[in-house]
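Here the structure is laid out as structure tokens; the discussion comes afterwards.
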Amino acid sequence: MNSSEYTPTTLTMTGKSVDEIRNRLWQEYGNNYRIIDQQTVLQGGFLGFFQKKNCIKVSFVVKDRGHSEQEDFSTAKESIIKNSKMDYSKLVVKQYNELTGMMAQMNSQIEDLKITSVEKKHPSIVKIEKLLEDNEFTHAFINMISSKLKNESTLEDLNDFEQIQEKVVGWIGRSIKVAPEVYYKIPHIIVLVGPTGLGKTTTISKMAAKLILDAKKKGEPLPNVRLITIDHTRVGAEAQLRKFGELMHVRVDKAESPVDLNDIIQECKDSTDYIFIDTSGFSPNDYDNIAKMRNILNLQGFSLDTYLVVAASTKARDLKKTIENFSLFNFNSVIITKCDETTSYGNVLSVLYESNKTIAYITDGQKVPNDIKKASVREFLYRLSDFTVSKVYIDDMFPEDE
């Protein structure tokens, strides 16, 4: 065969590495080959999309014994260059159109999934979510209830909306944590803290009066009660407390410093059953004054029964802030005031559930001591708006409120 008639065949081989390819070439061709090009490429994919992993691509020629290696290489190189001079424009347009179609199909599938997810939400779940929204439960609480319905209800259950309502009311009830009765060593020191304007002074008066009147009703010895105010910010706070003290025949003292407060308590600790401390009301963002008040209440050798006072109508976001910033008082539980000024309690119940806080008392008016009562799961469930669960069902579900 003449050299002018010989055209070496250009072949390619891919592998994980050049060494791996060389071994395979040696096994197949011995020394009768020459590598003319190598490059790193990505396996699979489409126009750069969905590619898998790097590999080595080697171009080589099989040598003819009658030709020099240089002739083989030059001829093969010219062949590669010649073959590479193709018109890629039509291919690119074709691949672009295919990619556009693929993306359109993917977008359509995503939209179908969105529609399907909405359609799969059972009407009973949609109605329950609306009821919870109307009662001002937080989105986090609503999502929790919705997830429980999806995971713990059969289709047959969901088709019975009355049963679903009962199930949800039960979950709401079990999310409400009522503070247990705790007995403190005498003197039992009770402290109320919280933002201004929530009725802390009136609430303290109600709590003190209730202790005395309950003892009278039971024919028991009247407890010895003391009232102390450290409220220096609200005009008339001391006068209001002294007026209640006169009506109940209870002594009222004022403390202006940690030393004052400690001296008063040391003086009456052996002769007093209950000491109520009324504090200044500050904005949840007034960190300096909150810290100063905490310092006044830093009583050595005494356990404080501390309650955070919040209003039933407080927005969920503000309530979270209040709980966070008053947490340095290590309050045991919450007293919800102004329950007569709203019909929706979902905001407070949601945040207290999420914050793992208990409820001790609720107040629903200005009358002393009538308008205060121990927190009750039943009472909150009775007040849910637009739920059609019967009172009898609620009573049966939560008999511990008896």
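The values are calculated or read from the model by the stated rules, or taken from the named source; none is laboratory data. This is a predicted model, so every value here is computed, not measured. As a convention, Cβ positions derive from the backbone with ideal geometry for all residues, glycine included, and neighbour counts pool all protein chains shown.
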Scope segment 245-268; condition closer than 16 Å to Lys292 by Cβ and either touching a residue at least 60 places away in the same chain (Cβ under 8 Å) or aliphatic (A, V, I, L, M) (or both); matching residues: Ala255, Val259, Leu261
Scan of segment 278-337 for residues that are out of contact with any strand residue (DSSP E or B) (no Cβ under 8 Å at 6 or more places or on another chain) and under 17 Å from Thr138 (Cβ atoms), ordered by number: Ser313, Thr314, Lys315, Ala316, Arg317, Asp318, Lys320, Lys321, Glu324
Every pair of residues 6+ apart whose Cβ atoms lie under 6 Å, when the first sits in segment 179-192 and is in contact (Cβ under 8 Å) with a residue 60 or more places away in the chain while the second is basic (Lys, Arg) and in a loop (DSSP other than H, G, I, E, B): Pro187/Lys269
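For segment 218-229, check the following and say yes or no: at least one residue is touching a Ser or Thr at 6+ places or on another chain (Cβ under 6 Å), assigned by TED's automatic domain parsing to the domain that holds Thr337 and more than 22 Å from Gly365 (Cα to Cα).
Step one: filter segment 218-229 for residues touching a Ser or Thr at 6+ places or on another chain (Cβ under 6 Å), giving 224, 226.
This time we only want the ones that are assigned by TED's automatic domain parsing to the domain that holds Thr337, so: 224, 226.
If we keep only those that are more than 22 Å from Gly365 (Cα to Cα) too, we end up with 224, 226.
Scanning segment 218-229 turns up at least one residue that is touching a Ser or Thr at 6+ places or on another chain (Cβ under 6 Å), assigned by TED's automatic domain parsing to the domain that holds Thr337 and more than 22 Å from Gly365 (Cα to Cα).
So that you can scan it fast, the table gives a plain yes or no per residue for (1) surrounded by fewer than 18 Cβ atoms within 10 Å (Cβ to Cβ); (2) under 28 Å from Val392 (Cβ atoms):
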site	(1), (2)
Lys121	yes, no
Ser124	no, yes
Asp157	yes, yes
Phe161	yes, yes
Val168	no, yes
Test for Val225: is it at pLDDT 90 or above and either over 43 Å from the mean Cα position of the chain (by Cα) or at positive phi (or both): no
Qualifying residue in segment 220-236 (condition: assigned to a loop (DSSP other than H, G, I, E, B) and in contact with a Pro (Cβ under 9 Å, 6 or more places away or on another chain)): yes
Complete set of residues in segment 366-394 that are more than 31 Å from the chain's Cα centre (by Cα) and of a type in the set (Asp, Glu): Asp371
Selection count where residues are at pLDDT below 80 and either surrounded by 10 or more Cβ atoms within 10 Å (Cβ to Cβ) or touching an Asp or Glu at 6+ places or on another chain (Cβ under 7 Å) (or both), scope segment 11-43: 3
Residue in segment 175-192 that is in the same structural domain as Asn224 (by TED's automatic domain parsing), surrounded by 20 or more Cβ atoms within 10 Å (Cβ to Cβ) and either hydroxyl-bearing (Ser, Thr, Tyr) or within 22 Å of Tyr382 (Cβ to Cβ) (or both) present: no
